[in-house]
1. Starting from region 54-72, keep only residues that are at positive phi, then list their pairs with residues that are outside any loop (DSSP other than H, G, I, E, B) and not charged (D, E, K, R) whose Cβ atoms are within a distance under 6 Å, requiring at least 6 positions of separation or different chains.
2. Output the qualifying pairs, or none if there are none: Cβ atoms under 6 angstrom, residues six or more apart or on different chains, first residue in region 73-95 and touching a residue at least 24 places away in the same chain (Cβ under 8 Å) and within 20 Å of Gly126 (Cα to Cα), second residue buried (at least 21 other Cβ atoms within 10 Å of the Cβ) and β-branched (Val, Ile, Thr).
3. Does Tyr141 meet the test of being among the hydroxyl-bearing types (Ser, Thr, Tyr) and within 17 Å of Asp62 (Cβ to Cβ)?
4. Out of all the residues in region 323-342, is one or more of a type in the set (Val, Ile, Thr), in contact with a strand residue (DSSP E or B) (Cβ under 6 Å, 6 or more places away or on another chain), under 27 Å from His200 (Cβ atoms) and buried (at least 20 other Cβ atoms within 10 Å of the Cβ)?
5. Which one of the conditions (1) surrounded by fewer than 20 Cβ atoms within 10 Å (Cβ to Cβ); (2) over 27 Å from Ile351 (Cβ atoms) does Val117 fail to meet, given that it meets all the rest?
6. Could you say which residue among Ile303, Ile313, Ile342 is in a loop (DSSP other than H, G, I, E, B), in contact (Cβ under 8 Å) with a residue 60 or more places away in the chain, under 30 Å from Lys109 (Cα atoms) and within 23 Å of the chain's Cα centre (by Cα)?
7. Tell me which residues, restricted to region 184-221, are at pLDDT below 90 and either under 15 Å from Leu92 (Cα atoms) or part of a strand (DSSP E or B) (or both).
Amino acid sequence: MSFSSAPYFLTAAAASLGLFLITRSIQSQGKRDPLEHVVPSPLKSLANLPAGEVSKLPYPPDLFPGARDVETPYGSIRVYEWGPESGRKVLLVHGISTPCMSLGIVAEKLVESGCRVMMFDLFGRGYSDDPSDIPHDTRLYTAQILLALASSPLPWSGTNAFSIIGYSLGGGISTSFTSTFPTLVASLVIIAPSGILREHHIAWQSKILYSTEGILPESLIQWLVKRRMAEGPPALDTKQDSSATDAVKAETGNAHSDLLKRAHAPLFPHRPTVTVGGAVQWQIQKHAGFLPAFVSAIRHAPITAQHPYWRKIGERLTTQKINSADAQATNNGLWRSKVLMILGSTDPVIIKKEVEEDAEECFGKENLETIVIEGGHEIPMSEAKEVTKAVLRFWGEDAEAVDLTPEAGDETGR
């Protein structure tokens with residue numbers, strides 16, 4: 001080798017070394033522990049609070065029986081499971097902003113009727129961690145449901161293993177799950193469901209805000225969302241466009257001045273500090289993963305354009321009716337060959353007339369039973385007993401055997 005060619009070899013060697021180091025760097029970054037991206041819930045921080053302070057939280061960790069914290073590759077999931085072990089198994093999936101407490105009264109009444117219930121906090125809500133590097137879409141929530149089911153000491157798998165009740169965003173999640181795993185689900189009940197919300201109701205401000213991923217800093221977007229959540233309740237006017245944060249106000253009963261007091265009314269008479277409005281504010285202040293999870297859900301979760309999933313269920317139900325003697329068609333179908341949909345008469349987010357029309361088009365009118373209850377988007381809380389009655393009657397259970405009368409001092413009853 002001549003001295004004149006040495007610089008070329010040195011340059012090539014340096015380039016190879018540089019490429020090797022870059023590759024190793026990329027590989028080492030790719031091998032980072034996924035848990036490094038998990039934002040913990042406030043659960044561990046409660047250890048620093050006196051027991052008396054913990055019990056006064058708007059969402060205390062002992063609010064429901066059968067609590068467990070399930071460690072997963074996505075972070076910890078808070079799950080509650082209780083009720084007779086031999087009872088009908090019912091999974092309840094909550095909405096976009098409140099933890100699973102929003103379905104707590106319904107769950108308690110179902111247990112009184114003999115059901116075995118399971119609830120969990122969606123990622124980034126309540127006492128569940130937030131996997132911040134993963135889109136909060138149907139895939140993530142489907143995985144979360146399967147992880148929660150697998151954590152049970154009882155079998156929640158097999159043909160027609162359980163019924164599922166989804167509220168608001170949980171309605172969209174539950175419908176997508178049922179579309180994907182038809183044989184698992186015995187009955188599908190959706191309450192004020194997302195999934196087929198007409199896009200013209202989404203305000204242009206929200207479209208701009210939530211479509212700026214990678215353009216505006218996420219911290220700025222979260223600050224703007226937090227600020228909008230703190231604004232006063234909008235007027236009840238279904239002609240107005242909806243913002244994503246209007247769904248929060250509607251879920252908590254804040255969407256109209258007549259319902260404002262319900263946001264801060266106790267869910268349970270024996271727990272006066274437990275309120276849905278307080279729980280949302282507590283998440284904003286104490287759960288570092290809540291706002292990122294909320295923003296990601298608005299961008300990626302099954303809120304709009306889920307018609308293909310809904311139609312797939314409708315097609316299976318029609319096949320079930322036509323081939324009632326076919327075991328596979330029955331296994332792919334649902335109880336009574338129908339979906340039960342429960343709507344609030346004055347819901348400002350899920351407009352009764354529109355969602356009825358669109359759900360009938362997707363499922364087929366003969367495959368859908370719709371119950372309208374007087375109230376807004378918050379009906380699982382404000383009208384929980386009427387919701388429970390509708391569910392039990394749909395299942396053919398004796399709704400009157402359960403104490404569905406308002407308890408003394410229970411402001412959420414009729």
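The values are calculated or read from the model by the stated rules, or taken from the named source; none is laboratory data. What you see is a predicted model, and the numbers here were worked out from it, not measured in a lab. Using ideal geometry, Cβ is built from the backbone for each residue, glycine included, and neighbour counts are taken over all protein chains shown.
1. That search, which allows pairs on different chains as well, returns Gly66/Tyr80; Gly66/Trp82.
2. Gly75/Val38; Leu91/Ile164; Leu92/Ile165; Val93/Ile173
3. So Tyr141 fails the test.
4. Scanning region 323-342 turns up at least one residue that is of a type in the set (Val, Ile, Thr), in contact with a strand residue (DSSP E or B) (Cβ under 6 Å, 6 or more places away or on another chain), under 27 Å from His200 (Cβ atoms) and buried (at least 20 other Cβ atoms within 10 Å of the Cβ).
5. (1)
6. The unique qualifying residue is Ile303.
7. Across region 184-221, the qualifying residues are Ile202, Glu213, Leu216.
Matching residues to (1) closer than 13 Å to His94 by Cβ; (2) free of Cβ contacts under 8 Å to residues at least 24 places away in the same chain:
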position	(1), (2)
Phe123	yes, no
Gly126	yes, no
Ala143	no, no
Pro153	no, yes
Thr180	no, no
